[in-house]
Amino acid sequence: MSEPILPELTPTPIKDRVSAVWVEYGRLDVIDGSFVMVDDNGVRTVIPVGAITCIFLEPGTRVSHAAVALAARAGTLLIWVGEAGVRLYASGQPGGARADRLLFQARLALDESARLKVVRKMYAIRFEEEPPARRSVEQLRGIEGARVRALYRALAARFGVQWKSRDYDPTDWSSGDLVNHCLSAATACLYGVTEAAVLAAGYAPAIGFIHTGKPLSFVYDIADVFKFETVVPIAFEITAKLKRAGREDLKLGERDVRRACRDLFRQKKLLTRIIPAIEEILSAGELKREEPEGVVGPAFPDPEATGDVGHRS
């Protein structure tokens, strides 16, 4: 008898997934068709890879070729990070820039008028008010920086946390204070799910509008829109709780922040909002999405997938 033909694997849309999981000190592999984490004692933990937006791989983690291939097919972003998840070393690409969307994004970034409109839209969504008129991108960046510093001070006062500045030494993570440690862990959570959403939407993480010159410039742009309604208050709240309890432990703060971010992302339905927000922001540039002239279509078009437009199937 011939073996049954399995249906084609299609990625689950981002909006229907959980946000992220973190793994350390173990081996990711595919065993008996399941995506599993195997610890040093041989204990297997099954991870529902297709239902997760991104998996953070911390120090002590090894990944098999089969696991990477399955994660890519399932549209799950693998992110190799340092201690506490605050240093990004590399990331997989479960989807990525579609030619039409990449060209559209690049046109917006290179057109000064369109870029300014996009930046103004980000400002309006983030602060829930229109930005000052007749300001350049650089001027708006300066105004935004002043408002962000004020928001940090306001949250510090609200939770009773001593606040100096957003500062830490990336080469000596343990030297940072608790509040900055919690803030870094919280923003790492947000950057991970945002990068996965940007890739799933078919855009390039590196082509930013406010942030430029970084591999994740556009990820930072989009994450900043949601940062102060989601992860930053969590970081200050957990810092305050740990200080009141006399438990200023960096590892404990990191763990509590991750759990709180996971729960908040679900409560606020963040994954259902990021991709529509990306489209709304880029549409503000008022450029038409046009196919370049003279383009020849593929000889064998890809079948329509159930996942997001940037997912490979």
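Values quoted throughout were computed directly from the atomic coordinates according to the rules given, and no laboratory measurement underlies them. Just so it is clear, the model here is predicted, and its values are computed rather than measured. Ideal geometry is used to build each Cβ from the backbone, glycine not excepted, and the neighbour counts take in all protein chains shown.
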*Vicinal HN-Hα couplings computed from phi for region 115-126 (Karplus, 6.51 cos²θ - 1.76 cosθ + 1.60; Hz; Gly/Pro x)*: 4, 4, 5, 5, 5, 4, 5, 4, 4, 5, 5, 5
*Residue among VAL21, VAL30, VAL43 with the largest mean-square fluctuation in a Gaussian network model of the chain, springs linking Cα atoms under 10 Å*: VAL43
*So which aspartates and glutamates can LYS288 reach, going by Cα to Cα under 20 Å and dropping same-chain residues fewer than 8 places off?*
ASP100, ASP111, GLU112, GLU279, GLU280
*Which whole-number percent gives the relative contact order of the chain, counting Cα pairs below 8 Å spaced six or more residues apart?*
23
*asked:* As I understand it, the dipole of the chain uses +1 on the Cβ of Lys and Arg and -1 on the Cβ of Asp and Glu, about the Cα centre. Which of ALA200, VAL81, GLY33 lies farthest toward its positive end?
replied: VAL81
*Rounded to the nearest 500, what is the 222 nm mean residue ellipticity of the chain from helices alone, with -39500 (n - 2.57) per DSSP H run of 4+ residues and division by all residues?*
-14500 deg cm²/dmol
*Spatially close lysines, pair count over region 99-283: Cα under 29 Å, gap of eight or more or interchain*: 29
*For the chain, modelled as a GNM with alpha-carbon contacts under 10 angstrom, which of ALA146, ALA109, ALA200 fluctuates the most?*
ALA146
*Fully extended, how many nm does the chain gain between GLU24 and ARG135 (0.36 nm per residue separation, minus their Cα-Cα distance)?*
35.3 nm
*asked:* So for region 14-91, averaging the separation of alpha carbon pairs under 8 Å that are six or more residues apart and normalising by length, what relative contact order in percent results?
replied: 30
*Could you state the number of Å between the C-alpha centres of region 221-272 and region 9-41?*
23
*Build a GNM of the chain with springs between Cα atoms under 10 Å: which of TYR89, TYR191, TYR220 gets the top mean-square fluctuation?*
TYR89
*What is the dipole size for the chain, taken about its Cα centre, with +1 at each Lys and Arg Cβ and -1 at each Asp and Glu Cβ, in debye to the nearest 20?*
1100
